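Working notes, structure below.
The values are calculated or read from the model by the stated rules, or taken from the named source; none is laboratory data. This structure is a prediction, so every number in the text was calculated from the model and none was measured. Ideal geometry is used to build each Cβ from the backbone, glycine not excepted, and the neighbour counts take in all protein chains shown.
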Amino acid sequence: MSGNRTFTMIKPDAVEKGHIGGILNMIAEGGFRIVSMKLTQLTVADAQQFYAIHKERPFFGELVEFMTRGPIVAAILEKENAVEDFRTLIGATNPADAAEGTIRKKYATSIGENAVHGSDSDENAAIEGAFHFAGREQF
Ligand code: UDP
């Protein structure tokens, strides 16, 4: 059975360009409720831990540098079938492959600087949400 929560980040590229409002609007129009949300900045250690699964990949250093270069918005979102539906809303990792109407189609610039993160499983949604928010911050 799929869960009803996912975790997202509006990445530094999108925050720098002033797209927080536009992206939150697409999230709301997609039917997601905000459970938790904050503007924060990842340390290098945070980004290395968050993306540890990619540590052997050639883009890992660039990814950590990108994700720590400025503030991000971290949020937990709620909706029935949240993980899968949010992955659909954000679109493919590479914006060149992202469908019309997706967040990455509209706001991402490259496969690396792709505007938003969305958890890829219920298990990771719970881990990633807990990484950023205490239980008392989850509404
Ligand atoms: N990424 C990258 N180069 C690549 C693949 C991924 O810089 O060739 C970055 C990109 O920011 C992506 C993140 O690493 O969002 C995590 O990659 P993943 O394959 O998990 O994609 P996602 O789940 O974010 O679509």
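Exactly one residue out of 134, 125, 130, 115 is in contact with a strand residue (DSSP E or B) (Cβ under 6 Å, 6 or more places away or on another chain), within 20 Å of residue 38 (Cβ to Cβ) and at pLDDT 95 or above, and it is 125.
Here's the yes/no breakdown for (1) away from the ligand (no atom under 13 Å from the Cβ); (2) farther than 18 Å from residue 112 by Cβ; (3) touching a helix residue (DSSP H, G or I) at 6+ places or on another chain (Cβ under 8 Å):
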| position | (1), (2), (3) |
| --- | --- |
| 31 | yes, yes, yes |
| 37 | yes, yes, no |
| 50 | no, no, yes |
| 55 | no, no, yes |
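Figure legend. Inter-residue proximity from the stretch 2-30: first residues more than 12 Å from residue 89 (Cβ to Cβ), second residues assigned to a helix (DSSP H, G or I) and of a type in the set (Gly, Ala, Ser), beta-carbon distance below 6 Å, spacing 6+ or different chains. Indicated pairs: 4/82; 5/82; 5/125; 7/125; 7/129. Just give me the residues in the stretch 1-28 being surrounded by fewer than 20 Cβ atoms within 10 Å (Cβ to Cβ), assigned to a helix (DSSP H, G or I) and out of contact with any strand residue (DSSP E or B) (no Cβ under 7 Å at 6 or more places or on another chain), in sequence order. Matches in the stretch 1-28: 16, 21, 22, 24, 25, 26, 28.
Take the conditions of a type in the set (A, V, I, L, M) and either within 25 Å of residue 139 (Cβ to Cβ) or under 15 Å from the mean Cα position of the chain (by Cα) (or both) and apply them to residue 116. Does it pass?
Taking the combined requirement at face value, the residue satisfies it.
A quick yes/no check of all residues on (1) hydrophobic (A, V, I, L, M, F, W, C); (2) closer than 19 Å to residue 4 by Cβ; (3) surrounded by 20 or more Cβ atoms within 10 Å (Cβ to Cβ):
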position: 30; (1), (2), (3): no, yes, no
position: 88; (1), (2), (3): no, yes, no
position: 92; (1), (2), (3): yes, no, no
position: 119; (1), (2), (3): no, yes, yes
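For residue 110, indicate whether it is within 12 Å of the ligand (Cβ to nearest atom), of a type in the set (Ser, Thr, Tyr) and crowded, with 20+ Cβ neighbours inside 10 Å. So residue 110 fails the test. Only one entry in 80, 62 is touching a Gly at 6+ places or on another chain (Cβ under 8 Å), touching a residue at least 24 places away in the same chain (Cβ under 8 Å) and surrounded by fewer than 17 Cβ atoms within 10 Å (Cβ to Cβ), namely 62.
Residues in the stretch 121-139 that are farther than 21 Å from residue 45 by Cα, surrounded by 13 or more Cβ atoms within 10 Å (Cβ to Cβ) and acidic (Asp, Glu): 2 in all. Just to be sure, is residue 13 within 20 Å of residue 132 (Cβ to Cβ), at pLDDT 95 or above, of a type in the set (Asp, Glu) and under 13 Å from the mean Cα position of the chain (by Cα)? Against the criterion (within 20 Å of residue 132 (Cβ to Cβ), at pLDDT 95 or above, of a type in the set (Asp, Glu) and under 13 Å from the mean Cα position of the chain (by Cα)), residue 13 qualifies.
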